[in-house]
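Okay, so here's the structure we're looking at.
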Amino acid sequence: MVAGIHHITLITRKVQANVDFYIGFLGLRLVKRTGGFEDATQLHLLYGDAKGSPGSLITFLVWEDGSPGRAGVGQVGEISLAIDPASIGFWLTRALSAGLKPEGPAEEFGEPVLRLKDPEGVIVKLVGTPTLQATAPWASDTIPEEHAIRRIRGATLFSETPEETQAILIDHFDYRPLTTSGAISRLVSEPGDILDIRDARGFWASAPGTGTVDHVAFRAKDDAELQSVRTALQAINSGPTAMHDRKYFRSLYVREPGRILFELATDAPGMLIDEDEATLGTRLFAPGDSPKLLAELNVILPQFSMPGEPRVIYRDLPFIHRFFTPEQPNGNIFILLHGSGANETTMLPLGHKIDADATLLSVRGRALEEGAPRWFRRTGPMSLDQADIASEAEAFAAFIDGAIHAYGLDPDRIVYIGYSNGANLLNAMLSLHPHLIRRAVLLRSMAALENPPAADVSDAEVLVIAGEKDLYGPYAQPLAERLRDSGAKVELATVPAGHEFDDTDVPVIQAWLNKSA
């Protein structure tokens, strides 16, 4: 039969704060960093013990632009981690020293409990229990092994149908009733971890999002056990999903009657399949291990620093953005503006291909069209909202000023690279905010302003790249001439491509940068 909790997965928006709390404060080990299996452009971090043992794993999906969620009915409301009962005083002192606001210690079911909240409000309980030991102890510089977190103690489930939730856990996941206290029924597995089912009838509804628990995963010994449980669940019309290969384990998902998401995951192959114990968590992995995808994900996925390492302090600025720092910055800075329907990650791989040692600031437009980002509104396929262009250009100019000061950027080393709608905003800004943009690459661009104001842009160098198969290609020449008439130094190039940018643009941009440097 299945044997206790394999892992618990949550959702975070603040990756650096998350790393600082779960590694820096709690002392867990980062055992894996991957692109998500459902969406490779979503960072997935796994924390655990020294070997990433099943039962120790707390994992996070990183949704940087996700909306905050709310714990409530049909969701996991709390997670708990096991420590030595004698370590409660150590953790209370540590929490107070870190500026946290712990609750307790208090006694729950005869165990000392210290309640904390992580940076996004998830309740994390440290529970003193002698019944659970670490499979592979992991200690940090500031947390001796005797005080270190041992493994997952359990989770609290908020259920409107507590009897049915309890029944599926007993019948199919090998938990057994232990005791009841008020509105909470406690179940225990053979290894000793627990699930507290809170009767949440009358509670507010849950809302999925950042700062919530996505699911609890239970352990299956092997594929045969996984299939056996799946067959049993299908027999009661539970509607489990098909089985998934997650590389480090194979799994299936099911929503129990109270709508809480459960997963069943095999112990094997485990976290050591592609890294040895000494190097766990030091490399990024991509689904399928495609070298091309991995190269892109290294740039696209949000960066973070381990506790004690130098770090970039990311700023809240008026535009959503991604700031990428290469391992050895050469001082060049690319500010990237995407096309219609894309976002701040889309052009990062292109910027990195052009110059692998350049710092990248990739920005998301604020206008929306059918929910997809743009840089300004349009009133028809070829009709652009002139007032919105001016307004967003002014806002973007203010953003650039703020970013220069926030991130310590050298304006003389900045090159703006825009594609399609993003390039159109840049060509408008050359007229509306002269002298702000000194070097710009405009990919598949057309003039955005119908009646541009007179402006002296003699200090600007511009590369316009058209696609020879692009229906908008004929607009590149008039744009180049308009910019030349305003005094800009303009080079017009054509590549064998359509409207989309591709690798044929890279050498053209590189050659132009070398000439204009």
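Quick notes on this structure:
- Qualifying GluC sites (Glu not before Pro) in segment 131-206, DSSP loop, other Cβ atoms within 10 Å at most 10: none
- All Cα pairs of the chain, percent lying beyond 41 Å: 33 percent
- Förster radius 30 Å - calculated FRET efficiency between Arg315 and Thr504, Cβ distance, rounded to 0.05: 0.30
- Shape call, segment 48-159: gyration tensor on alpha carbons, a/c limit 1.5: rounded
- If R0 is taken as 60 Å, the Cβ-Cβ distance between Ala139 and Arg484 corresponds to a FRET efficiency of 0.35.
- Given charges at beta-carbon only (K, R positive; D, E negative), |dipole| of segment 5-281 in Debye: 420 debye
- Contour minus Cα-Cα distance for Lys101 and Gln328 (0.36 nm per residue): 77.8 nm
- GluC sites (Glu not before Pro) lying in DSSP loop within segment 449-491, provided at most 12 other Cβ fall within 10 Å: Glu450, Glu468
- Degrees separating the helix 386-407 axis from the principal Cα axis of the chain, which is the longest one: 60 degrees
- Sparsely packed GluC sites (Glu not before Pro) within segment 332-387, loop by DSSP, other Cβ within 10 Å at most 13: Glu370
- Counting only protein heavy atoms and a probe of 1.4 Å, the accessible surface of the chain is 51% carbon and sulfur.
- With a simple spin-label model that places each label point 7 Å from the Cα along the Cα-to-Cβ direction, the separation between Asp412 and Glu394 comes to 3.2 nm.
- Computed from Cα positions, the angle between helix 291-300 and the longest principal axis of the chain comes to roughly 80 degrees.
- For the chain, the solvent-accessible area works out to 42 Å² per residue, with a probe of 1.4 Å and every protein chain left in place.
- Whole-Å semi-axes of the ellipsoid equivalent to segment 5-281 (Cα gyration tensor, √5λ, descending): 26, 23, 19
- Charges were assigned to the Cβ only: +1 to each Lys and Arg, -1 to each Asp and Glu. The resulting dipole of segment 453-517 about its Cα centre is roughly 180 debye.
- Cα-projected label distance for Ala372 with Ala86, points at 7 Å along beta-carbon direction, nm: 6.3 nm
- A simple spin-label model places the labels of Gln227 and Asp289 2.5 nm from each other, with each point 7 Å out along Cα-to-Cβ.
- DSSP assigns beta bridges within segment 5-281; of those with both partners inside it, close to 65 percent run antiparallel.
The values are calculated or read from the model by the stated rules, or taken from the named source; none is laboratory data. Note that the structure is a prediction, hence the values are computed from the model and not measured. Here Cβ is always computed from backbone atoms with ideal geometry, including for glycine, and neighbour counts include all displayed protein chains. Calculation scope for accessible area: heavy atoms of the full protein, side chains included, ligands and nucleic acids excluded. Shrake-Rupley method; radii C 1.70, N 1.55, O 1.52, S 1.80 Å.
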